[in-house]
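Input: a single structure, listed below in structure tokens.
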Amino acid sequence: MAVLKTPQIAPSILSADFSQLGNQVHSVVEAGCEILHIDVMDGHYVPNLSFGPLLLKALRKITNLELEAHLMISNPDEYIEQFVKSGATIILVHPSTCKSVVDTLQRIKDLGAKAGLVVNPDEKMSMITPYLSYMDQLLIMSVHPGFGGQLFIPEVLIDLPELLPQLEESNVIIEIDGGINQTTLPTIKGLGIDRFVAGSAIFNQAAPPNINFLNLNALL
Ligand code: DX5
Ligand code: ZN
């Protein structure tokens with residue numbers, strides 16, 4: 001049976017001011033944030049480099065929030081344990097990077113974290129149906145992975161209504177990532193999405209992160 005879930009904003013620290021990272025995290029926590037989205041990029045699966053387990057370890061020292069690691073890396077299997085030990089409570093992997101998707105999801109869960117799959121804009125959402133019973137979460141990319149601050153691609157949601165009953169039946173949390181802001185969020189409300197990742201709409205604005213978080217949260 002599907003469980004009633006409250007929609008959430010998940011700030012992506014990719015667009016944070018890293019010289020003030022602790023303060024920026026405290027700012028969104030003060031505004032009621034429950035989960036942080038950490039974009040891990042290896043310069044190989046995506047053409048950009050970001051951060052790794054050391055950053056999660058540092059964040060874990062200053063917060064007990066859920067930390068979800070979005071692994072945009074080749075060979076995620078080699079690093080999953082390190083990410084969980086560093087404080088990640090959710091690990092999201094791109095299926096094409098896994099040797100065996102089932103084994104990877106199972107391994108994440110055996111290590112005590114929640115496991116999710118990510119679907120890119122140029123991939124079919126139905127590709128995840130064989131794995132529904134192994135997944136805790138689905139991350140729908142609404143931009144091509146690799147960079148913050150891109151434009152939202154509405155077409156990525158075309159197949160969601162068809163898949164929604166199965167996702168709900170399997171209690172899979174549905175999350176969307178890329179181009180979420182004050183303008184796009186209201187257009188995708190009520191479609192069954194549980195979690196909205198927002199990077200530049202929270203951290204790359206004139207107003208402080210807590211205010212941006214509250215303003216987005218008010219639109220849920
Ligand atoms: C893109 C990342 C996103 C990114 C979102 O590869 O997965 O999480 O930080 O940034 P915005 O909200 O600026 O589109
Ligand atoms: Zn992401």
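Report yes if Val197 is modelled with pLDDT of 95 or more and either more than 24 Å from Glu30 (Cβ to Cβ) or surrounded by fewer than 20 Cβ atoms within 10 Å (Cβ to Cβ) (or both), otherwise no.
No: the conditions fail for Val197.
Determine, yes or no, whether Leu139 is among the aliphatic types (A, V, I, L, M), closer than 23 Å to Gly190 by Cβ and buried (at least 20 other Cβ atoms within 10 Å of the Cβ).
yes
With (1) surrounded by fewer than 19 Cβ atoms within 10 Å (Cβ to Cβ); (2) within 16 Å of ligand 1 (Cβ to nearest atom); (3) of a type in the set (A, V, I, L, M, F, W, C); (4) over 28 Å from Leu167 (Cα atoms) as the list, and Leu54 as the residue in question, which single condition is left unmet?
Every listed condition holds for Leu54 apart from (2).
Only one of these conditions is not met by Asp17: (1) within 16 Å of ligand 1 (Cβ to nearest atom); (2) without any contact (Cβ under 8 Å) to a residue 60 or more places away in the chain; (3) surrounded by fewer than 16 Cβ atoms within 10 Å (Cβ to Cβ). Which number is it?
(2)
The values are calculated or read from the model by the stated rules, or taken from the named source; none is laboratory data. Since we're looking at a predicted model, the values are computed, not measured. Neighbour counts are summed over all protein chains in view; Cβ atoms, including those assigned to glycine, are modelled from backbone coordinates with ideal geometry.
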